[in-house]
Amino acid sequence: MQDLLHTARNIDPMQVYGRVAVVNGLLIEAKGGMSFMEVGSRCEIMRRHAPPLPVEVVGFREDRALMMPFGPVEGVAPGAEIRISNEGAKVYPSTAWLGRIIDAFGDPIDGLGPLPKGGIGYPLKAAPPPAHSRARVGERLDLGVRAMNVFTTCCRGQRLGVFAGSGVGKSVLLSMLAREAACDAVVVGLIGERGREVREFVEETLGEAGIARAIVVVATSDEPALKRRQAAYMTLALSEFLRDQGLEVLCLMDSVTRFAMAQREIGLATGEPPTTKGYTPTCFAELPKLLERAGPGPVLPDGTQTGPITGLFTVLVDGDDHNEPIADAVRGILDGHIVMSRSIAERGRFPAIDVLKSISRTMPGCQTVPEREIVRNARAVLSAYTNMEELIRIGAYRTGADPLVDRAIQLNPGIEQFLSQSPDEATSLDDSFTLLAQILSSE
């Protein structure tokens, strides 16, 4: 009954139509009904032998509207009728969506039946909470991964980036966080993923324990750029809904780079000038709008606070270049970065986190004095070993030349074992510090 009432309230008494004028690649130019369109408007193009094609208005050129499709353009003919909708893009989520897999439109794709709709619509492109009304980050969050718990301690409402090349293990790391992190709900956005890997990620990598408290949003690499971009917006909209229910939310997105690539496709199609590596200005304008939606919730007028959204966003660095444009822009927006190294993965240590290059901006304030000393000592040992690693491996280093390097050589096997962790293993935050302290005192 509620769904019927919602549909009745949103019936538009006047239907406005346009016509297809030009189809150029993925860009559709339309004429007519211009006064009823705006950037972001949703429309449908009627096709002769196929269902209506949903499109979005992405710009205007003289007396024509520029549209891009959410599906293949096959079947679109010159003069085809365009139905214009004045309703913005919204989703009507419910807590019953936990444990389900959906697409960029919020439709289920897991074969488990329809999803119940909530009564409140959440806009897909919402503005972040005002800076002056946001709470500060909360207490530290137990992520279950030893290397992150100790060397990049994360607080509730913090946003971290996971920077890695392809095949280094960032998806497995996200699955470990989805299963083991101490939170109430998880929203996973798989943006531009390989189609064959989605089911593998959900069933094997994420597992039953992970999917039970998660909503997974999927847009595979073969889907249109608009749909991939919308999946990222959907991920944040669902996180905001769960946050407003008072839940502590962990938002995982893989990856921000593919969101930027989708935005680049849209920008280039509409005639934006390309900048570094072909990325358009809107790519760098949309990144902070997306990422700022995660973080501490706003403080309500009565002094209470909504739940935080702790965000971990992966960045697929192009050619293992951690200074490429998107990685550099994201690093400046987020509250820390976790660097995953291909050289570490090649020698068989997973997760392949380079702790010396990884930073959490809430440290050392979220650690006790003894914990800071443990981290400082561990970093000194790791740095000493890394600086002399080549000489040690070829046997050119002589024992006794440097006491710190001697200590690093002695402790390195234990620290490497500490940093290595299997996907089905979890270690609490306090136990992580205790274990590392024992290793450092075992000389």
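I need the full set of residues from the stretch 101-114 which are buried (at least 18 other Cβ atoms within 10 Å of the Cβ) and more than 15 Å from TYR233 (Cβ to Cβ), in order please.
ILE101
Scanning for something small (Gly, Ala, Ser), open to solvent by 60 Å² or more (accessible area, probe 1.4 Å) and in contact (Cβ under 8 Å) with a residue 12 or more places away in the chain, does the stretch 421-442 turn up at least one residue?
yes
Considering the stretch 86-116 alone, what residues qualify as being under 27 Å from VAL58 (Cβ atoms) and touching an Asp or Glu at 6+ places or on another chain (Cβ under 7 Å)?
The answer is ASN86, ILE109.
Table: residues versus (1) farther than 17 Å from PRO129 by Cα; (2) within 14 Å of the chain's Cα centre (by Cα); (3) at pLDDT 95 or above; (4) open to solvent by 30 Å² or more (accessible area, probe 1.4 Å).
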| residue | (1), (2), (3), (4) |
| --- | --- |
| ALA231 | yes, yes, yes, no |
| LEU242 | no, no, yes, no |
| LEU250 | yes, yes, yes, no |
| ASP254 | yes, yes, no, no |
| PHE259 | yes, yes, yes, no |
| ALA269 | yes, no, no, yes |
| GLU272 | yes, no, no, yes |
| THR275 | yes, no, no, yes |
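Looking at ARG213, is it under 15 Å from LEU252 (Cβ atoms) and either open to solvent by 10 Å² or more (accessible area, probe 1.4 Å) or touching a strand residue (DSSP E or B) at 6+ places or on another chain (Cβ under 8 Å) (or both)?
yes
From the list ARG376, ARG361, ARG407, which residue is open to solvent by 40 Å² or more (accessible area, probe 1.4 Å), in contact with a strand residue (DSSP E or B) (Cβ under 8 Å, 6 or more places away or on another chain) and either at negative phi or not aromatic (Phe, Trp, Tyr) (or both)?
ARG361
Under the condition of being closer than 20 Å to SER428 by Cα and in contact with a strand residue (DSSP E or B) (Cβ under 6 Å, 6 or more places away or on another chain), which residue from the stretch 160-176 is modelled with the highest pLDDT?
LEU160
I need the full set of residues from the stretch 379-390 which are open to solvent by 60 Å² or more (accessible area, probe 1.4 Å) and either in contact with a helix residue (DSSP H, G or I) (Cβ under 9 Å, 6 or more places away or on another chain) or within 12 Å of LEU440 (Cα to Cα) (or both), in order please.
ARG379, THR386, ASN387, listed by residue number.
The values are calculated or read from the model by the stated rules, or taken from the named source; none is laboratory data. Values in this document were obtained by computation on a predicted structure and should not be read as measured data. For neighbour counting, all protein chains shown are included, and Cβ atoms are generated from backbone atoms with ideal geometry for every residue, glycine included. Ligands, DNA and RNA are excluded from the accessible area calculation, which covers all protein heavy atoms including side chains. Shrake-Rupley method; radii C 1.70, N 1.55, O 1.52, S 1.80 Å.
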